[in-house]
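Step one of this worksheet: look at the structure below.
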Amino acid sequence: MCATCGCDTVTTKKASRQVVEVERDVLHENNLLAERNRGYFLAKDILAINLVSSPGSGKTTLLERTLTDMKGQCTFAVIEGDQQTTNDADRIHATGTKVTQINTGKGCHLDAHMIHHALEGMRPPGESILFIENVGNLVCPAMFDLGEKQRVVVMSVTEGDDKPLKYPDMFYSSTLCIINKTDLLPYVPFDIEKARSNVHKVKADLPIIELSCLSGEGLNVWYEWLLSK
Amino acid sequence: MHELSIVTGIIDIALREAEKAHADMIEAIELDIGCLTTIEMTAFDFAWRQAIKGTLLEGCTRIVNRIEGRARCLDCDTVFGLQQVYDACTGCGSHWIAIEEGRQLSVRALTIS
Ligand SMILES: Nc1nc2c(ncn2[C@@H]2O[C@H](COP(=O)(O)OP(=O)(O)O)[C@@H](O)[C@H]2O)c(=O)[nH]1
Ligand SMILES: [Mg+2]
Ligand SMILES: [Zn+2]
């Protein structure tokens with residue numbers, strides 16, 4: 001544009017119309033960073049586990065139990081994703097485990113970039129298990145690879161046995177399903193056979209562990225699973 | 001609302017491509033969104049309208065190819081269309097399936113000038 005009068009006489013060279021074949025995955029950036037995180041975990045022999053669930057299914061409780069019961073057997077570190085508070089991180093800290101908090105604010109999921117920065121800050125010990133507690137949400141975290149080796153979806157018996165059919169993507173992308181709060185089975189209309197069958201409709205070979213963080217029933221199966229990975 | 005992250009990802013890709021080609025304008029953008037992804041189109045449209053404001057994408061034509069779900073049965077080898085990730089094989093009823101199409105989420109092409 002002409003600086004004196006604003007007329008359009010000074011036209012810069014105008015490229016003609018052209019179609020660019022982009023063919024790029026929308027999550028490409030995230031996936032690249034996830035692979036970087038994965039390389040870091042591999043090099044340091046860290047087993048990274050992404051824990052996903054609806055709010056209140058018992059992710060933090062499961063971690064508290066695990067970190068306490070397995071103290072001495074393994075080295076642990078935890079990354080806590082939370083929209084607002086540091087409550088969960090405080091609960092983990094109380095078990096004596098190294099923990100870093102990521103506040104996602106309005107964000108409804110963790111992504112590989114956030115994990116990358118959290119790792120820079122915390123430098124988790126090698127030959128360890130790193131738990132990443134994702135934001136309580138069964139939709140959004142499904143699409144975001146963090147570089148984890150295992151993705152564990154937790155559902156509880158108070159949530160209804162059709163959960164896997166309502167959020168199939170989350171179950172499809174997971175490598176283990178935990179059904180928690182089995183101590184409440186006598187009190188809620190939850191058909192555990194149906195729940196199992198719904199899980200396997202979404203992913204035929206997804207292993208399921210049923211447990212109760214409260215009574216401790218089934219926790220040993222979870223610990224064995226952890227040690228086998 | 002992961003739709004906003006998705007939209008932001010699309011815009012980043014488009015703007016980077018446009019910049020590489022020294023484009024003044026993006027006239028059209030073509031997206032592939034598989035029917036088996038958890039993209040809720042109402043939320044997507046809302047996020048899209050907000051996010052393109054003031055960018056080269058404002059006013060561009062958006063073409064969305066919805067890619068139908070397709071899977072192969074690992075038991076009987078039937079290839080069948082599926083509406084949901086948990087649909088059973090239409091040939092034998094098995095859930096041992098490999099999803100081949102319908103999960104993609106990508107920017108296919110841009111028309112720039
Ligand atoms: N009855 C019962 N309650 C549990 C169990 N595990 C967790 N809870 C309770 O469920 C609530 C939510 O647990 P929390 O670990 O904070 O869930 P998160 O949001 O997934 O981290 C808390 O009040 C826990 O005490 C369980 O096995 N049985
Ligand atoms: Mg929690
Ligand atoms: Zn079949």
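Miscellaneous remarks
- Along segment A:83-93 the Karplus relation, 6.51 cos²θ - 1.76 cosθ + 1.60 evaluated at θ = phi - 60°, assigns HN-Hα couplings of 6, 10, 8, 10, 3, 5, 4, 5, 5, 5, 4 Hz to successive residues, with x for each Gly and Pro.
- Loop-resident sites, segment A:121-229, for GluC sites (Glu not before Pro), counting at most 11 other Cβ within 10 Å (DSSP): A:E127
- Residues whose placed amide H lies under 5 Å from that of A:A204, excluding near-sequence neighbours: B:I97
- For chain A, modelled as a GNM whose springs connect Cα atoms under 10 angstrom apart, the maximal fluctuation among A:V188, A:V20, A:V152 occurs at A:V20.
- Share of carbon and sulfur in the accessible heavy-atom surface of segment A:28-228 [1.4 Å probe, %]: 52 percent
- Counting only other chain Cβ atoms within 10 Å of each residue's Cβ, the peptide A:141-151 averages 1.
- Restraint check, A:K149/A:K201; A:K106/A:K181; A:K71/A:K98; A:K59/A:K194; A:K59/A:K163, Cα-Cα greater than 19 Å: A:K149/A:K201; A:K106/A:K181; A:K59/A:K194
- Chain A: most fluctuating residue of A:D111, A:D191, A:D169 per GNM, C-alpha cutoff 10 Å: A:D191
- Average beta-carbon neighbours from other chains, 10 Å sphere, peptide B:78-87: 3
- Interface burial for B against A (accessible surface, 1.4 Å probe, total of both chains, Å², rounded to 100): 2900 Å²
- Accessible surface for A:D88 stands near 30 Å², nearest 10, in the context of the full protein assembly shown (1.4 Å probe).
- Where both bridge residues fall in chain B, DSSP classifies roughly 70% of the beta bridges as antiparallel.
- Here's the picture: a label point sits 7 Å out from the Cα of A:Q84 along the beta-carbon direction, and within segment A:24-58 the residues with their amide nitrogen under 16 Å of it are A:55-56.
- Partner shielding of B:101-110 amounts to 4, given as the average count of beta-carbon atoms from other chains within 10 Å of each residue beta-carbon.
- Heavy-atom accessible area for A:I79, with the other protein chains in place and a 1.4 Å probe, reaches approximately 0 Å².
- Residues in segment A:174-229 average 48 Å² of solvent-accessible surface per residue, probe 1.4 Å, ligands and nucleic acids excluded.
- Expected 222 nm ellipticity per residue - DSSP helices of 4 or more, -39500 (n - 2.57), all of chain B, to 500: -8500 deg cm²/dmol
- Dividing the helix sum by the residues of chain A, where each DSSP H run of 4 or more adds -39500 (n - 2.57), gives a mean residue ellipticity at 222 nm of -9500 deg cm²/dmol.
- Rounded to 10°, Cα long-axis angle of helix A:59-69 versus longest principal axis of chain A: 50 degrees
The values are calculated or read from the model by the stated rules, or taken from the named source; none is laboratory data. No experiment lies behind these values; they were computed from the predicted model shown. Note that we place each Cβ from the backbone using ideal geometry, even for glycine, and neighbour counts take in every protein chain shown. These area figures cover heavy atoms from the full protein model, side chains too; ligands, DNA and RNA do not enter into them. Shrake-Rupley method; radii C 1.70, N 1.55, O 1.52, S 1.80 Å.
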